[in-house]
1. Only residues that are closer than 10 Å to MET152 by Cα, more than 11 Å from the ligand (Cβ to nearest atom) and touching a Leu at 6+ places or on another chain (Cβ under 8 Å): list them for region 190-204, please.
2. Taking the criterion of being at positive phi, in contact (Cβ under 8 Å) with a residue 24 or more places away in the chain and buried (at least 24 other Cβ atoms within 10 Å of the Cβ), would at least one residue in region 374-389 satisfy it?
3. Contact list please: Cβ distance under 9 Å, first residue in region 269-284 and at positive phi, second residue assigned to a strand (DSSP E or B) and more than 16 Å from the ligand (Cβ to nearest atom), pairs at least six apart or on different chains.
4. Sort out which residues of region 239-268 are assigned to a helix (DSSP H, G or I) and within 16 Å of the ligand (Cβ to nearest atom), and write them in order of number.
5. Could you tell me whether any residue of region 313-326 is within 16 Å of the ligand (Cβ to nearest atom), in contact (Cβ under 8 Å) with a residue 60 or more places away in the chain and within 21 Å of LEU404 (Cα to Cα)?
6. For the list (1) surrounded by fewer than 23 Cβ atoms within 10 Å (Cβ to Cβ); (2) at positive phi, I need the number of the one condition that HIS358 fails.
7. Yes or no: region 390-398 includes at least one residue that is within 22 Å of GLU180 (Cβ to Cβ) and at pLDDT 95 or above.
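The values are calculated or read from the model by the stated rules, or taken from the named source; none is laboratory data. Since this is a predicted model, take the numbers as computed values, not measurements. Don't worry about glycine lacking a Cβ; one is built from the backbone with ideal geometry, like all the others, and counts go over all protein chains shown.
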Amino acid sequence: MKLWMKIVLPLAVAVFAGSAFIVFLSGSGSRQAAASEGGRAHVSATTGATTAEEGVLSVPEGSAGGVAVDSAGPEAASGVVRLSGTGEGAANENVGSRPGANETGRSDGSLANAGLVGSSELQVEHLLREKRDLLGVDPVRITIAATGDFLMHMPVVDSVKTSQGHLFDLIFESVAPIFEQADYTVANLETKLAGSEFGYRGFPLFNSPSSLAGSMVRLGVDLAATANNHTLDMGWKGLSNTLDALDEAGLPHIGTHRSAEEQERVHVVSISGVRVAFLNYTSSTNGMPIPSDHPYAVNMMETEAVLGETARARSAGAELVVAVVHWGEEYEREANEAQRTLADRLLRGGVDVIIGHHPHVVQPIRRLTVEREGQDFRAYVAYSLGNFVSNQRWRYADSGIILLVDVVKKNGKVRVEGVRYVPIYVQKGFKDGSMSFRVLPVPAQGLPESDVPFTGEHKARVPEVWEELFSHLDNPEKGITAVPSVLQGN
Ligand SMILES: [Zn+2]
């Protein structure tokens, strides 16, 4: 998610120019086709209606509008002011009644509430809608996006080396609009940003240029999950340097920590007035022991630890709990018994959405109906999102999904409506004689646009990616649907 004005203007320009763009907004079940009519974008926003039969989660009402980051940890409890501004905007808001909590956030347009913004009329419509949200007249809808693994093999890193350093942005340019239009994005950072003095490396001990953090921010990533099997690849110093690099880039992080206080803190953000907690745990550090003098370094996957943090998040006012977990077996397309058992325990224990990583291929998405406080409601587990970017070229590992979690808050009650997914393909080809990687959204038909020429292999593989992910995941009855609408601009 980015500051909405930043999106509105370029998008408006792009739309009026008749360029290609991706349409996926408007919440689950209400995707809309966009067409250029006489040079004007024709896109309507939808409000949608909540369905009475769906269970809800009863929580205290929060205020609406904007994204704020706060910390429900010892500092908040003791009244210590901690500002965590991202440098991107001004909106301060009071997101709860807890004394001592302090937030600095970003002004957010909550584009999911406004439909695709393509004209100044729609900007006005958006502002009016936000006002109505504040009054509780309309439901607040937000979309949380999640990526798979940023698995930074050296061919990927070397492909963006320039005399000014490593510039990763171009790799992600084609999928950036997806994150710009989501309200909040969490990504799995499966490498270290330990510094050049450690040397840049790929498998099996990853270390990548710190400039990746800035590229992620510009891509629209709001949060980096750092607990995974490569967390200790560069040791304790590599772990803490990585967090320093993320801080420097203004990218918040979860899952690994430099102090006990940092581990205690629950990451709760207010996204257009919906308070969402993000947790991050890993089931492995590739056998590397957690440094004994830094026992707080990594969140290791233990059911009680996750449920304990979930409870702390709830008591800090979180209305939705998202757990990002690193688990499962590499290259297995199905979740194993351990994942299924753990998912059941976490979802029945208070987690609303589990976002999984590690297998490097996409595993199924499952919906559970969970009873809490006498009410049924939907909980989802996406067992593995696959790779977001990597040099793994074989079938299934060369692709992945971007997950979109659609959440609605109405009358003070928050629930997950459904999840959508955008299939993606990592194109590896040559542009002007240089090896280039591009993360491309995969359309239901045809090829996406790319500045890197498609080879015969790419052209054959892209439709396959759509087909194999669609048949693996799609289940509209359970609120699991693909985003098919990547429109061609030529
Ligand atoms: Zn992994």
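1. LYS192 - this is the single residue of region 190-204 that is closer than 10 Å to MET152 by Cα, more than 11 Å from the ligand (Cβ to nearest atom) and touching a Leu at 6+ places or on another chain (Cβ under 8 Å).
2. The answer is yes, given that some residue of region 374-389 is at positive phi, in contact (Cβ under 8 Å) with a residue 24 or more places away in the chain and buried (at least 24 other Cβ atoms within 10 Å of the Cβ).
3. Taking only residues 6 or more apart or on different chains, the pairs are SER272/VAL67; SER272/VAL140; SER272/ARG141; SER272/ILE142; SER272/LYS409; GLY273/VAL140; GLY273/ILE142; GLY273/LYS409.
4. LEU239, THR242
5. The answer is yes; a qualifying residue exists.
6. (1)
7. no
Table: residues versus (1) modelled with pLDDT of 95 or more; (2) under 12 Å from THR242 (Cα atoms); (3) part of a strand (DSSP E or B).
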{"site": "ALA187", "(1), (2), (3)": "yes, no, yes"}
{"site": "THR191", "(1), (2), (3)": "yes, yes, no"}
{"site": "ALA194", "(1), (2), (3)": "yes, yes, no"}
{"site": "PRO204", "(1), (2), (3)": "yes, no, no"}
{"site": "PRO209", "(1), (2), (3)": "yes, yes, no"}
{"site": "LEU212", "(1), (2), (3)": "yes, yes, no"}
{"site": "VAL217", "(1), (2), (3)": "yes, no, no"}
{"site": "VAL221", "(1), (2), (3)": "yes, no, no"}
